[in-house]
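For reference, the structure discussed in these notes is given below.
Each reported figure results from applying straightforward, stated rules to the coordinates on display, with no laboratory input. Keep in mind that this is a model prediction, so the values were computed, not measured.
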Amino acid sequence: MLYRMRVGCPWRDSPEAFGSWNSICKRFNAWSLNSKLIILIKVLYIDHRL
């Protein structure tokens, strides 16, 4: 998910090493709906700053 957000590629162009693009897309949508994605991004941002 972070790869796609950084590179800006369509889901279908995600590297195969990350798994099925469809699974990644569905997970992204689910996490977006229940705020898990926002929490994850905040944690990664804070961790990166340390």
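State the label only: which of [x] 32, 22, 17; [y] 72, 10, 6; [z] 37, 22, 13 corresponds to Cα extents along the principal axes in Å computed from the shown model? This structure yields the entry labelled [x]. Expressed as an acute angle from 0 to 90° and rounded to the nearest 10, what is the orientation of the C-alpha long axis of helix 36-49 relative to the principal long axis of the chain? Relative to the chain, helix 36-49 is tipped by roughly 60 degrees. Computed from Cα atoms, the angle from the helix 21-33 axis to the main principal axis of the chain rounds to 40 degrees. Based solely on its DSSP helices, what 222 nm [θ] is calculated for the chain when runs of n ≥ 4 H residues each add -39,500 (n - 2.57) and the sum is averaged over all residues, nearest 500 deg cm²/dmol? About -20000 deg cm²/dmol.
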